[in-house]
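Presented below is the structure to which this report refers.
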Amino acid sequence: MTVHQLDSRLAGASTAVVREVSGEVLITTSEPGSLAELRRALAVTRVLDMVCVCAGEYRVEFVDDGGERVATVGHHHAYSLRWKGFSADAELRDGTALLRWLSDRGIPHPLDRFHAEQARQAAARAASEVAERSWRAAAAVPGEVVDAILGSDPPTTAELLQQVRGVHRTDSAVALALLAWCGSGTGRYSGYPSHEGVPSRLLAELPIAAIAEALAGPEATDEHFAGAVRHLTGWQARKRLTRDIGRLPTEIRARLVAVGQQAPDPAIRSRSAAQLA
């Protein structure tokens, strides 16, 4: 069916019930003006080539004067509409029109919830951009290599390590550069962008003695120790992780724990206390 056929079908309805996807009724209306506005709020532009995997947030049921169901449509993410007469989901002409229609009738929380989610996503995108800039700035490889890492055909671990060793001649200098890189970005234990795992994989190729020497040197700061904490508390960070941690000098391990307790990620705080002490 075409997108216009849905509106024609809805024109035969005398009552509409808007529900949360859970089934909770938000509003029932039989007022002709409200029904007309609701039909306009549900207007679609085209049938898409996709179907959303979830059930959506809202369901609108239309019935006629005889109580027969005319149509039921699902409202998805202020973007698409689902109706069994379409081959797939259809793009809404105005994604928030239904939410505004509800708000105008004293039901503001769907629109408020949508705006709150939009704000959360915008904040998450901004934080992600800041984290990526931080990760780029701390990179132990040139900018064009960073671009390649973020591209569709990233360099291998061996190729990247060769790049780093081309700038930093000793293993301890390589380790120091990689530790700073490892501590940059989001700094999270998990749920970070995949590229943030690169410096930890490179550190895993170095002997623990090189990391210990780097951390014992005068150039090592809390940022380097934060990178070491992230590396050493990471999942499957090193083949012989427990042995390697045990080979670190006591004073280095104490500082690792202290720095780990300052991490914003509670998983890193917990794991640093449990694994590095």
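Before moving on, here are some points about what is shown:
- Residue within region 93-108 that is under 17 Å from Gln5 (Cα atoms) and either assigned by TED's automatic domain parsing to the domain that holds Glu196 or in contact with a strand residue (DSSP E or B) (Cβ under 9 Å, 6 or more places away or on another chain) (or both) present: yes
- Unique residue being farther than 30 Å from Leu179 by Cβ, at pLDDT 95 or above and under 29 Å from the mean Cα position of the chain (by Cα) when the list is Glu61, Glu57: Glu57
- Test: residue in region 244-265 that is in the same structural domain as Ala216 (by TED's automatic domain parsing), of a type in the set (Gly, Ala, Ser) and crowded, with 22+ Cβ neighbours inside 10 Å: yes
- For region 53-100, filtered to residues that are over 21 Å from Glu117 (Cα atoms) and free of Cβ contacts under 8 Å to residues at least 40 places away in the same chain, the residue that is surrounded by the most Cβ atoms within 10 Å (Cβ to Cβ) is Arg82.
- Subset of region 77-116 (residues that are in contact with a His (Cβ under 8 Å, 6 or more places away or on another chain) and of a type in the set (D, E, K, R)): Arg82, Asp89
- Scanning region 44-75 for residues that are among the polar types (S, T, N, Q) and either in a loop (DSSP other than H, G, I, E, B) or farther than 10 Å from Ala16 by Cα (or both) turns up just one, Thr45.
- Criterion: free of Cβ contacts under 8 Å to residues at least 12 places away in the same chain and either closer than 27 Å to His115 by Cα or not basic (Lys, Arg) (or both) - qualifying residue of Ser103, Ser14: Ser103
- Lone qualifier among Ala78, Ala139, Ala116, Ala124 - being at pLDDT 95 or above and in a helix (DSSP H, G or I): Ala116
- Test: residue in region 200-208 that is over 30 Å from Gly95 (Cβ atoms), outside the structural domain of Glu20 (by TED's automatic domain parsing), of a type in the set (Lys, Arg) and in contact (Cβ under 8 Å) with a residue 24 or more places away in the chain: yes
- When Thr250, Thr156 are checked against the criterion of being hydroxyl-bearing (Ser, Thr, Tyr) and either farther than 24 Å from Ala137 by Cβ or touching a residue at least 24 places away in the same chain (Cβ under 8 Å) (or both), Thr250 stands alone in meeting it.
- Filtered by the rule that a residue be within 15 Å of Ala97 (Cα to Cα) and part of a loop (DSSP other than H, G, I, E, B), region 1-43 gives Leu42, Ala43.
The values are calculated or read from the model by the stated rules, or taken from the named source; none is laboratory data. Quick caveat: nothing in here was measured; it's all calculated off a predicted structure. With ideal geometry, Cβ positions are generated from the backbone for all residues, glycine too; neighbour counts draw on all protein chains shown.
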